[in-house]
Structure formats: C-alpha cells, structure tokens
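Shown next, in structure tokens, is the structure this report addresses.
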Amino acid sequence: MGIYQEYKEKLPLSLFEEVKEKTKGMPASKAKKVLARVYKAYLNAKVEAGESVGLVAAESLGEPGTQMTLNTFHFAGVAEMNVTVGLPRIIEILDGRKEIKTPMMEIYLKNPYSKGKDIKRLALSIKETTLKDVITEVSANIAEKKIEVKFNKENMKEIGITSSHVISACGKAFKGISIKKTDDGMLIKIKGGEDKINEVYKIKERIKEVYIKGVKGIKQILPVKRGDEFIIITAGSNLNEVLGLKEVDETRTVSNDIYEIANVLGVEAARQAVINEVNKIIEAQGLNVDMRHIMLIADTMCFSGNIKGITRYGVVSEKASVLARASFETPIRHIINASLVGEVDKLSSIVENVMLNQPVPVGTGLPGLVVKVRK
Amino acid sequence: MAKEKEEKVEEAEKKPEKGAKEKKEEIHHQGYVYKDVDSIVFGVASPQMIKKMATAKIVTPELYDKEGYPVDGGLMDIRLGVIDPGLRCKTCGSKLKECIGHFGYIELARPIIHISFVSVILDLLRSTCKECGRILIPKDKIERYKRKLDEVQEEAGLEGRRKAIKDIIAKLKTVNKCPYCRAKQQKITIEKPTTFLENDKRISPIEVRTRLEKVTDDDMELFGLKTGHVRPEWMVLTMLPIPPVTMRPSITLETGDRSEDDLTHKLGDIVRINQRLFENINAGAPEIIIEDLWDLLQYHVTTFFDNAVAQLPPARHRSGQPLKTITERIKSKEGRIRHNLTGKRTNFSSRTVISPDPMLDLDEVGLPMVVAMKLTVPESVNPWNIEYLKKFVERGPTKYPGANYIVRPDGKKKKITEETKEALIEEVEVGYAVERHLMDGDIAIFNRQPSLHRMSMMCHRIRVLPYKTFRLNPAVCHPYNADFDGDEMNIHIPQTEEARAEAETLMQVQTQLISPRYGLSVIGCIQDAVSGSYLLTKGFETSREEAIDLLCSIGMTNFTKLPNKNKISGKEIFSMVLPNNFNFKGKSKASDENGKREVIVEDGVLVSGVIDKNSIGEESGLMLRSLHKKYGERKTLEVLGKMFKLGIKVLLKLGFTTAISDTDLPEKAIMMIKDVLNKTEDEVNDLIRMYHHGKLEIFPGRTMRETLELKILELLNKARNETGKIVQEYGSKKTYTIIMADSGARGNPLNLAQMAAVVGQQALRGKRIEKGYKSRTLSCFKKGDLSSEARGFIKNGFKSGLSPQEFFFGAMTGRDSLMDTALRTPKSGYLYRRLANAMQDLKVEYDDTVREASGKIIQFEYGEDSIDVSKSENGRINVQRIIDSV
C-alpha cells in the first residue's frame, strides 16, 4: 500500500482512515488522485494561525445556551431515571462542581451477566442496603432502654443476607449496646444508667441508616436492556468500588460525576467525560455544536492537570494578566493582590489591550506590517 | 497614552505605584508622540511617592471663594487641573479638556489604616515579633519555606503561592515566643473593620505602623510582598493622595448652583476632620477628644476607599442615598472597568426599526435617506477627485448627496453650512478630507443585540432608500435572530480605509455564510421562499411567456438555458438560477409528484425531485453547502438571492393564503380520531382501576403511583401520535397550510394535528398536571380524580375550541414556559460571559498549537485535526464527494 504511506503523516488519522476505507478496491491511480485531492481539501480547511478559536468555542456554546430548556427533571421515556438535563447540567459541568445534583452510573457487565444472568440479584447486591430496607418495624422501650427491630425476611432473602449479617453490622455501628437475636428480628439493649435514655431515641433513629451491604453511595438501581445486553443504571455513584467488582466490565462502565472520574481514573479520563457529558446534553436538546468547540472547552478546564471550573476561582484565576482577571469579577481584590507582589501585566491578552485602546493580539491584530517607504 | 493609563491605575487602586515601559517605536503625527504601552507594573505607593507626584498640598476644606473662584490649597485648586471653561491649569498651562489633571496630597495628622490592606496587616502583626519585628520562623527554616514557596509557584502560579503563604501564616498563629529575641508574643485579634487588639487592648495605628516598619525586607518576601514595590508600613497611611479634579468634576445646575461630586464631598470631610485633628493636637486637647477625631478620620478615609464595608454604616448624602466612592466606581457592570474601559461608546452609528425587503440583495442594507445625510464617511482629497469632492461640499449638508464637514490636514474639522460653503469650496485642496454623505455601495456594519455570535455583526453594502426604517433581506434574519415585530438594529460606519478593508474581507455577509458552530449554512431561504420553490418545482407548468416574465422579475436577462418549447415546467424555471455545471444529489423532506424524495441536479438542471427546506433552507440547506463548496461565497450568495426572489415571485403569481378550513378533516377521519380518543380514555380508566385495586405491575425502582403516571403518559402520547397520523393521512394535501408544513416553510405535522384534532397532554415539569387544589387540579373535578381529562389532557383541537378546564391547563403550561424563558436568559447569559472571559485569549499559533495568552499550551493541534469548522462541512471533509468527482 505504497500510495497511502505518503499521506499517513500529512493527514489527520481519522481522515486518513476514512479515505483508506472508502478507496478500498479502487484502482491505484484513482486512489492516488483521491488522496491528493483530499489532502488539498484538508489544507484548505485548516485553521489559520491567530484564529481566535477560544472565543468561537465560547460563542458556539453560549449562543445555543439561550435555546436550551431549564427543566431540571425530565422523563426520557419509560424505563429511565431522573437526571439533570439542559442548561443546569451544562452549568454544573462547566462550573467543575465537586457535588453534582444527580450522580449516575451506567454499569456494563461481563459476559454471562450481560446476557441477563442473575441480573436482579447482582443489581440488588450493588445497591447500598441500609437497615431500613430490610426491616418492617422499629419500636423503643424507654423504661428498659431496649429497641426492638423486626426483620423483613422476604427482602433479606432477595438481597441475600442473613439475620446474623445484619446483627453484626449493627453491632459494629454503635458502641455501648448489646444485641440479641429474636425469632423475627433483634433486640438491642443500651448499656448504662438512667442518663442514657436520650441515647435510646438517638439510636432508634440512627439505626435505620446503618450500612449493611452493597456499594456505598448507590441509592437506586435499575437493570435495563440496552441493545441486546443488560446494563445496570444507578442513581448515586461510586466508581472506585464498582470498578472493583468482578462481574463489572470496567472498560465500559461510566459515571457522570466528573470529579470522581478525575480522582479514580485521572485527568485525561475526566476530560473525555466532560466532552461526553456536554455532548450528550447538546444532542438531547437537538442542537448542533461541533465537537472541536466542546473539546477546546474541556481542554481549558483540564490542561493544568486538575479540573478547573469556568469560574473566577477556576480557569479565570489562572490568567497571567491582572487586568484580564480584574475585568471579570472582583476587580478590587485582584488589583490589591497584584500591588502587593508588584505584578507586571505584560498586556499579552485581549481585554487589557481593549482597555488601553491598542490592537488586540489575535487575528488581524497579530502580525505587524513593515512597509518600506521610498525616501 | 501611557500617561493616561497610569492615571487610570492610580485611580483604580488609589495607592499602587505604577510604571510603564514604552516600546521603542514612537510615531510622530501631527505634533503628538504616540507610544504603545508595553507593560503595566502594579505596586503600593509610598508616602514619598505620593508627595512627589502631587502638585499641591491641600489644607482647607473650602472649595471656592466669594467670586466662585477655586481656593488655593482647596480641593478644587486649579493646580489639580481645570474643569471650568476659560481657566488654565496652573501646573501644565493647558485649558479644559486638554489638561488631564494632577494629583494633590494631604498630610494626615495621625496614621490611618488603609481598609483594603487590613487582612495583610493582620497577618503581618500576628506572625512577626512585636519587639524585634522578625518573622516567627527560626532562621534555619526560613530558607526551606522560601524554597518550598518557589516550588509551589512554579507548579501552581501566583494564586498557588498565595495559598501556600496562607498555610504558613496559619501555622505561625500558635507560636508564642520569638525565636530571635525570645520575646513573648500576645494574641492579636481584629475588631472589624480597622481596630487591632492585643489581649483586648487596642493597638493604635501609630503602634501598628512602627511594628510594620520593623519587618525586614527578607522576611517580607515570605508574606508574598515584593521588595521594591511595597513596604508593610505603607499600608498605614500618613499621606493621602488627592485625585485630580478632572476625575471628580462638579456639575452646574440650571439654577447656577454647583453640585459637587461624591468624591469631593468625601474628601471635604477628610480634610475638615484632618484640620480639626491638627488643631486639637497642637492645642493640647484631652486624649479622648483626639481619639474621637482620629476614629472619625479613620471612618472617613475608610469610606473614601470603600463605602460598602460590612461593619460600617455607609456615608450618605443629605438626601440619604449612599455616596459612590472609589470602590463603587470601579466595581460591577456599571463600574469603570466593565462600563468605560472594556465597553466604549461610538460615534458614526445609528439605530432604528427594521423591516423586510426581499428585493434587496442579501448583503445589502436599506438605509433611510435621513440617516444617510447624517452619517458620513471621510474621503480624502487627491488631484483626481478634487473636483468631484468639491461638488459634494457645494451641495452642503441639506442636499443629497452632499457633505457635512471638511477635515484639514492638521485634523481640525470644519462644519459646512450655507454661509461657510463658498469659502470652504475654495479652501479644499489635496490633503484635506471631505466627510460626505453615505451613498449606495458604501460599507456599513449591521448589528442586532444580543450579539451572541460573530454573525450578529455583519458587514453590508448600503442602499439609500426612502422612509425611516433599516431594510434587510429576510434571508439574513436568521443569523441576527431578527424578526419584524418591532425589532431595532444598529448600524456602524467604519471611518478609516483599514477598518473598511477589514470589514469587507472579514465581516461581509458572504464570508459568514457557514456557521463556525457546526459548519453548515446559517443563511437560507425561509418561509414564502421555501413554499414558493416547493410549488414551483412540484408539477408546476406554464407558458414560455409567463416563465420569461417570472425570470425577468427577479432580474435575469439571459434565457439561453431555457428549453425552446412552449410549455415550460417549474423545474426548468428553477434550473435557470443554478450554475451550468452544477451537480447535486440529495434528499428532500417532502415527496415529489412521483412520490420520490430524491433531488438530482445534473449539469445545472434539476432533473427530478422537489426543492424544499432540506435543499435550500437555513441550517439544513445541503444544496447551498454544495454550491458554496464548489463556487465560493460570492456565487452562492448570488444564487441564493435569486432563489429567494424566485420563490416569492412564484407565490405572487399563484396566490397563497391560509384559511381555517385548511385543516378541515373528512367525516371519516373525525370518527376515527374520536374512536382513538375514546379507546385511550377507556384504557387509562382501566389502568386507574387496576391501580386502585393494587394490581398494577410495578416498574423496577418505582412506586405504584409513579408506574401509573408513566403508563398513562405513554398511552396518551401514543394516542396523540395516532391522531397525528390520521390527520396527516386524511388531511387535504392541496391546502396551503399543509403545503407550508410539507415544504418545511413553517409548521410541522404536530402543529397540524393540534389544530385539526387534539392538542394533547399538557405537562408541567415532565409530569401530568397535579397542582391546584387539594388532591385535584380544578374545583370541578372530584378529589383524587386521576383520569386523563382531570390531569391536563386536552382532547379538543385548537380549531374546535377548548373547554374551560382545558383552557386553564393550556394557560398553566403557557405560563410555565414563559417563566422558563425569563429565568433562562440571565442564567445562560452569565454562563456565556464566563466562557467568553475564560477562553477569549486562546488562539492558534503558527505551529498549530492552541495556546493561551501567556503561552501555555491548551491543545497540541486544534480539535485534534486542525480543521476549521467554518471551512468544513458539518465538521468534516466530504471524502465521498471528492471520490465522486474523480
């Protein structure tokens, strides 16, 4: 395949692969011609130096932003869950928030399970189970400082835990209690004297939230069939532990919590997550924004190695120019801080030069023209 | 220019010292020296510096004497600049508007804490020794900390260093013995805003200042203070710079009274109290009186800098409204930075209502005669055009096309009037410029707010027209997002050759055809032009004479392409506007007379298919994209303009209207729709019954109630879709309303179904309507009624009319969507502002990398393949077409 070799370096990989695929089985002379023309078309379509790509990207996302819906919750058909969509979600992603409103995971499974084997049991074992999920009744006896808990045997069986399991979990959770097994539940006795009566109430409430089984943070589970395989969609996210489960296909399982992805898988994964999440929302709204713009935004958020939101504390605070930072938000703070360290503004970005009424260093403001004047 | 900037920084910061290195090149022009500012240095001004840059010492709070002349040594001293016409500045000798103003100073009787530096002062006091002034870190550790800070800065920049410094300072809080002089350290607290306490005993600003003086330059670095730019004791003021009067001009009211600026008022207070304090100290007044005055002075100086300090009552006018002092002047949207520095006002612009004119070219704008005679463009006089330009001067400002001003080579403008006309015609010679009226073909920048993308400001050629509105071709409405319900737009006239050249090559309409957002055409045929083209190409036939008449009316004169026969089909007429060797294959939205959806153009002739939105519409118009790729922007614009006019002329010929009867359905269809609705209602009732009996099969992870809602929603949506299908099937294909929907000109099948049959389920927040009264939506329903009609299903169509309940449900969703829009606009506006601010400096460098202003690499190759979206086709290079063309 000699004719391709020449262009392998010259064309971007995706374009090269596309041409290679489409010219398959073509006579070599024709394929060569195609390659030459594609290369020419590529050169014609390249960005010019000085092009203000950042602003174009901002425009490309800011303009359709006015057309997006504000609906926080949205039912996308029958078997889906509540998710933050539309403008609020975009804002959430670009802010680089650590806590997102509706964390979610899509858990893909390895072969026997992805075909539906034990899907329900598996899903339930992933879900975080607390005591309140497996009991029918809690009652407190203040005089004897006792709490009686009645188990829901059916639920326990479904989830796959036994009474002793539950009892030991509860025993670990609190100090100063003793637990006895009864026929249909357990009996908790609070040790100590009269002063512990308040404890009874406290423990009665808190015991319901005792963690028993599953992956912490997974609040809801929903097995669904996507294409011809089963996946589990969850509300709540815990990438670290879910990826460690042996039934889970760790190569495809995703979370929508970008911060978590950055912590577990690193910043490159987080960058891709930003791109995917933003893209998903834009597509769901029926808007058309080119990937390159979203990629550039994701790159500005991630290039420092950490996720930086597009806020005054994030990306904007990293700017070299004092005036550029001051013109965004909290100008006084920036000027005071600059004066303390004797900062020098080199006037290398746009706003400072706009302020000073000088040409801006992008686009046609970039090159200096030298004209030889005839004396 | 550099000088002016210095003043600005001074004003902005009050105390920073500034300096500007200028680039070497100096351009001499008309006696002025222009310099480029190369960099701006920030710093804190020392008392010496303040005294040095001042031109006057201010000693009296009086402003004017009995004659109304500024008092020497007063706040309006004419050494600080002039604001009265006729006076000359004592410092620089220039008149009003020429003198940019000069600083003065006052000597404060006692030191005053600068409010902006309070937190820094506190940190310094807490972490240095009260006796010897050294930092509370042992000698051996200092070096280590310094190295660590440098490392952090390397990694995380200045902001990171600031954080690291904070951590170090926090650690020093617990040290209570000086490692150098062994002095015991006391706990220092702050009583906001400006009082420092040591063991609940006040440290006077004098004491604060002496302690700060003891801090060594070396230790200072650890606090992030740069030697040479700042000294700790400068943060406690002994000198106060007085801003020039030009910065705080007084206004003369109609009554002849003067009204002083807020800053002048504040400074008056400061000077008055300062003088009183001086007198009391000299007279040896009791300590309490001095303390009180001192505190008052501190209050005034603090509010002079910032009148919104949390713990202080803001200083007010006599009327009760708070004074706008320095911080308030700079801050926020209406502040100096965002209002005056980053956004500037402009001359040579105009604004009025817009109206459509499809007979204009796409890149033209219709300019009212009045505007054309007010706005001008300077044309410089040379030997070849001098006679021509003199004629403009002769016609003067009242006769079109005339001229309003002439400009002398030294830049002086002279107004042309009936009286001066004769003399000015004689005066005009080579080297002068004549500001003549706008004429057809001049360049203008046209803009509609909100300017959300670069297509919101495009360059048009001017066409001077009668009446009072700006006119534009409706095809360019889309990039501006304009309509004609009263929208206004702005026009700007570039005044220099450079600006015009740049506007023409970069901003003209044809250069903006392809959106940089998604790489398709943003400009295309809309509405009547689409339905016209659709009707023309779908089985239209006419006589040759009629066809030629039609083509003539859109300005075509060459008919060689028209087949030589008596009956001409619409497709042949449409082909006339296409270039001769144009080939195109595409899909249409609607089917043609043979029920096919293929659009084929061979050698510039439309062989088969109908032309509709998919071919020539905005955003989707693939034929337009092909034309653009093959023939370039000019030709595309020309063809598009012709298509547009043709479409409209066709409608003019055929007649086009809409009527209520357009969506009438045959009896049979009405029965079918009724059946569907009844059936659905029964099914819904079944579901509700099952729900009440608890027999409903629950979806995983849902409650019974949620499952019911989901199932009902699904059923109702299905019903609506079914009725939609019935409407489409049985609705008359020939009516105008349906033609519009079919061609994609306006409306869609859903709108049709809503008009003809069922409006459908009204949803609030993705659910059926539940709000209203207790456990019911309206008082006419039973409590707990879950049936479709009680929860916002509108089973009437718009045409048959809604029942009162249904109307209420419709109003609810209508109100909800209004609220949504009202809330969304500011939210997305803020997101946009943040994005634009964060990304504006990114640009592609000559090595294909994308970098930010300081040269840090964001991407190694733009978009991973360096393809400019506005030069691509929907973000890609169309390989298939290249293969087809080989």
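The values are calculated or read from the model by the stated rules, or taken from the named source; none is laboratory data. Fair warning: this is a prediction, and the values are worked out from it, not measured in the lab. Cβ: placed from backbone, ideal geometry, glycine included. Neighbour counts: every protein chain shown.
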*Is it the case that segment B:759-775 has a residue that's assigned to a helix (DSSP H, G or I), assigned by TED's automatic domain parsing to the domain that holds B:Ser800 and surrounded by 14 or more Cβ atoms within 10 Å (Cβ to Cβ)?*
no
*Residue ID - surrounded by the most Cβ atoms within 10 Å (Cβ to Cβ), chosen from residues in segment B:73-123 that are small (Gly, Ala, Ser) and in a strand (DSSP E or B)*: B:Gly104
*Looking only at segment B:297-315, which residues are among the polar types (S, T, N, Q), in contact with a Leu (Cβ under 9 Å, 6 or more places away or on another chain) and either under 11 Å from B:Pro193 (Cβ atoms) or in a helix (DSSP H, G or I) (or both)?*
B:Thr302, B:Thr303
*asked:* Would you confirm whether or not segment B:280-290 contains a residue that is at pLDDT below 85, assigned by TED's automatic domain parsing to the domain that holds B:Lys146, at negative phi and surrounded by fewer than 16 Cβ atoms within 10 Å (Cβ to Cβ)?
replied: no
*What do you reckon, is B:Lys344 in the same structural domain as B:Asp487 (by TED's automatic domain parsing) and not β-branched (Val, Ile, Thr)?*
no
*Are any of the residues in segment B:583-592 in contact with a strand residue (DSSP E or B) (Cβ under 7 Å, 6 or more places away or on another chain), of a type in the set (Phe, Trp, Tyr) and either within 14 Å of chain A (Cβ to nearest Cβ) or within 19 Å of B:Leu637 (Cβ to Cβ) (or both)?*
yes
_Need a quick list: strands (runs of 3 or more DSSP E) entirely within segment A:102-213 having at least 3 residues that are within 21 Å of A:Val248 (Cβ to Cβ) and in contact with a Ser or Thr (Cβ under 7 Å, 6 or more places away or on another chain)._
A:104-108, A:211-213
*What pairs come up if the first residue lies in segment B:787-814 and is without any contact (Cβ under 8 Å) to a residue 40 or more places away in the chain, the second is of a type in the set (Phe, Trp, Tyr), and their beta carbons are under 6 Å apart, counting only those six or more places apart or on different chains?*
B:Ala790/B:Phe781; B:Gly792/B:Phe809
*For segment A:39-67, what are the residues that are touching a residue at least 60 places away in the same chain (Cβ under 8 Å) and more than 7 Å from chain B (Cβ to nearest Cβ)?*
A:Pro64, A:Gln67
*asked:* Taking the criterion of being touching an Asp or Glu at 6+ places or on another chain (Cβ under 9 Å), on the phi > 0 side of the Ramachandran plot, assigned to a helix (DSSP H, G or I) and facing another protein chain (nearest Cβ under 10 Å), would at least one residue in segment B:854-876 satisfy it?
replied: yes
*Quick one: which strands (runs of 3 or more DSSP E) lie wholly within segment B:321-380 and hold at least 1 residues that are within 11 Å of another protein chain (Cβ to nearest Cβ)?*
none
*Counted residues, segment B:381-399 - those being surrounded by fewer than 16 Cβ atoms within 10 Å (Cβ to Cβ) and assigned to a loop (DSSP other than H, G, I, E, B)*: 6
*Got a number for residues in segment B:791-834 being within 14 Å of chain A (Cβ to nearest Cβ), among the aliphatic types (A, V, I, L, M) and buried (at least 17 other Cβ atoms within 10 Å of the Cβ)?*
1
_Filter segment B:456-489 down to the residues that are aromatic (Phe, Trp, Tyr), surrounded by fewer than 19 Cβ atoms within 10 Å (Cβ to Cβ) and within 15 Å of B:Val371 (Cα to Cα) and list them by number._
B:Tyr467
_Residue under evaluation B:Val230, criteria (1) without any contact (Cβ under 8 Å) to a residue 12 or more places away in the chain; (2) within 21 Å of B:Leu122 (Cβ to Cβ); (3) of a type in the set (Val, Ile, Thr), criterion not met_ = (1)
_Pairs with Cβ under 9 Å, 6+ apart, first in segment A:310-321 and within 17 Å of A:Arg97 (Cα to Cα) and more than 7 Å from chain B (Cβ to nearest Cβ), second part of a loop (DSSP other than H, G, I, E, B) and acidic (Asp, Glu)_ = A:Arg312/A:Glu329
_If I go through segment A:253-277 residue by residue, how many of them are polar (S, T, N, Q) and in a helix (DSSP H, G or I)?_
3
*Of the conditions (1) over 24 Å from B:Val71 (Cα atoms); (2) within 45 Å of the chain's Cα centre (by Cα); (3) polar (S, T, N, Q), B:Ser204 clears all except one; give me its number.*
(2)
*Can you tell me which residue in segment B:877-886 is farthest from A:Leu35 (Cα to Cα), limited to those that are part of a loop (DSSP other than H, G, I, E, B) and at the interface with another protein chain (Cβ under 7 Å from one of its Cβ atoms)?*
B:Ile877
*Looking at this structure, is A:Ser304 hydroxyl-bearing (Ser, Thr, Tyr), more than 7 Å from chain B (Cβ to nearest Cβ) and surrounded by 16 or more Cβ atoms within 10 Å (Cβ to Cβ)?*
yes
_Step by step: first the residues of segment A:216-252, then only those that are assigned to a strand (DSSP E or B) and of a type in the set (A, V, I, L, M), then the one that is surrounded by the fewest Cβ atoms within 10 Å (Cβ to Cβ). Which residue is that?_
A:Val224
*Restricting attention to segment A:360-375, which residues are farther than 10 Å from A:Gly50 by Cβ and either in contact with a strand residue (DSSP E or B) (Cβ under 9 Å, 6 or more places away or on another chain) or surrounded by fewer than 16 Cβ atoms within 10 Å (Cβ to Cβ) (or both)?*
A:Gly368, A:Leu369, A:Val370, A:Val371, A:Lys372, A:Val373, A:Arg374, A:Lys375
*Identify, by number, the condition in (1) in contact with a helix residue (DSSP H, G or I) (Cβ under 7 Å, 6 or more places away or on another chain); (2) of a type outside the set (Phe, Trp, Tyr); (3) within 30 Å of B:Ile698 (Cα to Cα) that A:Leu222 doesn't meet.*
(1)
*Which ones in segment B:282-296 are in a helix (DSSP H, G or I) and of a type in the set (A, V, I, L, M)?*
B:Ile288, B:Ile289, B:Ile290, B:Leu293, B:Leu296
_Set A:Asp249, A:Asp195, A:Asp184, A:Asp228: member being more than 30 Å from B:Gln859 (Cβ to Cβ), within 22 Å of the chain's Cα centre (by Cα) and outside the structural domain of A:Ser60 (by TED's automatic domain parsing)_ = A:Asp249
*Could you tell me whether segment B:595-607 includes any residue that is small (Gly, Ala, Ser) and either part of a helix (DSSP H, G or I) or without any contact (Cβ under 8 Å) to a residue 12 or more places away in the chain (or both)?*
yes
*Starting from residues that are acidic (Asp, Glu) and assigned to a helix (DSSP H, G or I), keep the ones in segment A:278-300 and report whichever is nearest to the chain's Cα centre (by Cα).*
A:Asp299
*asked:* Any residue that is in a helix (DSSP H, G or I), crowded, with 19+ Cβ neighbours inside 10 Å and either at pLDDT 90 or above or not assigned by TED's automatic domain parsing to the domain that holds B:Ala475 (or both) - is there at least one of those in segment B:439-454?
replied: yes
